[in-house]
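Note sheet for the following structure.
The values are calculated or read from the model by the stated rules, or taken from the named source; none is laboratory data. The shown structure was predicted, so the numbers you read here are calculated from the model rather than taken from an experiment. So basically every Cβ, Gly included, is an ideal-geometry build from the backbone, and we count neighbours across all protein chains shown.
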Amino acid sequence: MKRKLIVPGLLALLACAFPFVVSSYHTFQLTLVLVYATALLGLNILTGYNGQISLGHGAFYALGAYCTAILMDKLGMPYWATVPVAGALCLALGFLFGLPALRLEGLYLALATFALGVAMPQLLKYKALEPLTGGVQGIAILKPEAPAFLTNMGIPLDADQWLYYFTLAVTALMFLLGWNLLRGRVGRALVAIRDQHVAAEVSGINSALYKSAAFGVSAMYTGVAGALGAIAVQFVAPDSFNIFLSLILLVGIVIGGLASISGALYGALFIQFVPNIADEVSKAAPWAIFGIFMIVFVYLMPSGIAGGLRRALASGRKKAHNSHTPLKEEGT
Amino acid sequence: MIRLSVPLLALALALPAAHAQKKYDPGASDSEIRIGNTNPYSGPASAYGAIGKSIAAYFRMVNEQGGINGRKINFITYDDGYSPPKTVEMVRKLVEQDQVLFVFQTLGTPSNSAIHKYMNARKVPQLHVATGATKWNDPQHFHWTMGWQPNYQTEGQVYARHILKTKPDAKIGILFQNDDYGKDYVKGLKDGLGDKAKSMIVAEVSYEVSEPTVDSQIVQLQASGANVFFNVTTPKFAAQAIRKAYDIGWKPVHYLNNVSTSVGSVLTPAGLDKCVGLITSAYYKDPTDQRWADDPAVKQWRAFMAKYNPDANPADAFNMYGYSAALTVHQVLKQAGSELTRENIMRQAASMKDFRVDTLLPQILINTSKDDYAPIEAVQLQRFNGKQWELFGEVISGGH
């Protein structure tokens, strides 16, 4: 049990130390990684655990981002207060979208969500909503400074560092909630519906309720991520949330590892950094390079980075175990 | 320290002025000037990527020829896929990690909007942005941001002047895309018409980018009795509008915005015979225009393209655009001399007097001041003759 806590503890320590070691630009990039990780965890609840494919989660990301931007810009709400509002809004809308979507299985659901993802940028440009959304112009929001009490306590943080810690705290909370949700009864029910939905219903699982709840929770995670992303980038515009965002989120969970909580983090690192690497390799065809990376990863780690690491660790332990037993011959 | 600096100061003053002012901000040194840029090399707007590539090619040429004032240009350009969050990330990388002296020709209205506040808070020049929105000319509030191409309002004003001069009894019907870009044009036209705007404009119809066609809008405009058509549409809709107006027998004087003047992607799909008489404006030399076949500047550009940018399509006007913008910043850096501070870059960019870029149309001069951040403010009208655009009349500058 103690050993189980060492790794997360070290990780947490590392995560907290980052902004003091790296430049503020890298701090900003890591903030985006945390944002993507939250979004990917949301999509993973839906697709990885519950088996419903969504090609339109970028729409919920956009909703969360716009919710925050509008509340901050029009109503002058403090940034931290907008995050739960964005989450609640996406939870409700996701649940409602999930109700009719229940009738759609597999690829048909993928198409319905695809439509949502494609439509979102155009809805955001809609004339009647322009006073709120700012139309194609989008909304620029102010970057939150570190709260005064920290400076008074003698902990001077710049805006980027503070934003990183704020995002880290929200992300950690979301991951904790996700872990709590998925390791127990609810998680088992979601997986059961994914694997054998008839058998699941026979064993008394309310499949309809679970599926729309999964959609709602998933949308909530993505909405919270969108809100955090908007605060970090300080700008929202319809062109920021095109269908490509939805697709790259799906790429993130597959590469990171389906139905894995830590996979969300690996996937986030992948979608944040690999396009930059690809751009540095070739300006002429960055996405071709990205494609090669993707194929290599899928080929080498068919169950995602999380699955690949798990297997590597397991085989490492086995080897260690095998080489140890003949020497010690302990009956553990 | 103070005691020491007095003789130093005296020494500095004694030296000739040109040598005395060797001052550097991050990104500049005795041997190098680092310039940053973002362009959509991937994604839906990747056609614009030709601009970034031709600027990079231009600086390769400059470096081969010895650089500017003996300094090599290190032009660092990243792909932002026309996505504003990516632009923010890449521009932060340019400023904070690559430590560029300034960014130049960052492309796209939304992308530049996303970094507008950041650049000005950081006091890093956002120079000659590649977008025609009017808001880049706002030196009072955004000292560190400057446009380059004629803005949409300027162009609208030019059409207004031409209408006032040639058709005083005009009844104007306007079709515009319902966004910033469309509204900028309409505002320019109204400003140019002045008091006459109310009486002359008989119909104003808009469309959304999401609409499949603009057919019903054209019918509506014809019914309004307009005899002048101000067509503010992006390529796909421009082709539809031209075709529909012709098909229903509406024959107004047709002004088409500069955004949609491509013969290949707008006029040909609409039908070249239906485009005869269209009026639009231009500010740089179209490489496909036969009139410039023997023009020395265009010949020089062709030689540049062949040697430094051989993979690009020489019929693509974006290559001319990027080259012309690079010539402008070249002059800014020349003027800045060895005082390569961010403040001086803005000062020099804002003090260009009758500067001539020879790939722009003859008589178009670049003028800026600390209250005027709009380098190119003049355009020339051109009319379509069924085969190609033909320039006519004087070079006209917008308002002011």
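Listed values, structure above:
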read-out: Any helices (runs of 4 or more DSSP H) falling wholly within segment B:63-166 and containing at least 1 residues that are of a type in the set (Gly, Ala, Ser) and either on the phi < 0 side of the Ramachandran plot or modelled with pLDDT under 95 (or both); value: B:109-122, B:152-166
read-out: Condition broken by B:Thr145, with the remaining ones in (1) out of contact with any strand residue (DSSP E or B) (no Cβ under 9 Å at 6 or more places or on another chain); (2) surrounded by 21 or more Cβ atoms within 10 Å (Cβ to Cβ) satisfied; value: (1)
read-out: Residue in segment B:310-324 that is surrounded by 17 or more Cβ atoms within 10 Å (Cβ to Cβ), at pLDDT 95 or above and touching a strand residue (DSSP E or B) at 6+ places or on another chain (Cβ under 7 Å) present; value: yes
read-out: Among residues of segment B:244-273, those that are surrounded by fewer than 18 Cβ atoms within 10 Å (Cβ to Cβ), farther than 28 Å from B:Val357 by Cα and free of Cβ contacts under 8 Å to residues at least 40 places away in the same chain, counted; value: 7
read-out: Segment B:315-369: number of residues that are in contact (Cβ under 8 Å) with a residue 40 or more places away in the chain, in a strand (DSSP E or B) and within 29 Å of B:Arg302 (Cβ to Cβ); value: 1
read-out: Test: A:Ala110 is within 18 Å of the chain's Cα centre (by Cα) and either of a type in the set (A, V, I, L, M) or closer than 30 Å to A:Ala189 by Cα (or both); value: no
read-out: Test: residue in segment B:288-308 that is outside any helix (DSSP H, G or I), crowded, with 19+ Cβ neighbours inside 10 Å and in contact with a helix residue (DSSP H, G or I) (Cβ under 8 Å, 6 or more places away or on another chain); value: no
read-out: Members of segment A:188-247 found to be more than 14 Å from chain B (Cβ to nearest Cβ) and not in a helix (DSSP H, G or I), listed by number; value: A:Gln196, A:Ser203, A:Gly204, A:Ile205, A:Asn206
read-out: Number of positions in segment B:182-219 that are part of a strand (DSSP E or B) and either small (Gly, Ala, Ser) or farther than 22 Å from B:Pro168 by Cβ (or both); value: 4
read-out: One residue from A:Leu63, A:Leu129 being in contact (Cβ under 8 Å) with a residue 24 or more places away in the chain and either surrounded by 18 or more Cβ atoms within 10 Å (Cβ to Cβ) or in a helix (DSSP H, G or I) (or both); value: A:Leu63
read-out: Qualifying residue in segment B:46-57 (condition: surrounded by fewer than 18 Cβ atoms within 10 Å (Cβ to Cβ) and touching a helix residue (DSSP H, G or I) at 6+ places or on another chain (Cβ under 8 Å)); value: yes
read-out: Residue check for A:Pro302: surrounded by fewer than 24 Cβ atoms within 10 Å (Cβ to Cβ), away from chain B (no Cβ under 12 Å) and out of contact with any His (no Cβ under 8 Å at 6 or more places or on another chain); value: yes
read-out: From the options B:Ala121, B:Ala56, B:Ala28, residue that is within 13 Å of chain A (Cβ to nearest Cβ) and over 29 Å from B:Ala317 (Cα atoms); value: B:Ala121
read-out: Filter result for A:Ile253 (under 29 Å from B:Ala45 (Cα atoms), part of a helix (DSSP H, G or I) and under 10 Å from the mean Cα position of the chain (by Cα)); value: yes
read-out: Residues that are under 23 Å from B:Leu333 (Cβ atoms) and surrounded by 19 or more Cβ atoms within 10 Å (Cβ to Cβ), drawn from segment B:349-400; value: B:Ala349, B:Val357, B:Thr359, B:Leu360, B:Ile364, B:Ile366, B:Thr368, B:Tyr373, B:Ala374, B:Pro375, B:Ile376, B:Glu377
read-out: In segment B:64-93, residue farthest from A:Ile139 (Cα to Cα) [restricted to those that are touching a strand residue (DSSP E or B) at 6+ places or on another chain (Cβ under 7 Å), buried (at least 24 other Cβ atoms within 10 Å of the Cβ) and among the polar types (S, T, N, Q)]; value: B:Thr77
read-out: Count of residues meeting criterion [over 16 Å from A:Phe244 (Cβ atoms) and within 14 Å of chain B (Cβ to nearest Cβ)] in segment A:269-282; value: 5
read-out: Tabulated pairs, segment A:222-242, first surrounded by 24 or more Cβ atoms within 10 Å (Cβ to Cβ), second modelled with pLDDT of 90 or more and part of a strand (DSSP E or B), C-beta under 8 angstrom, 6+ apart or interchain; value: A:Ala230/A:Val236
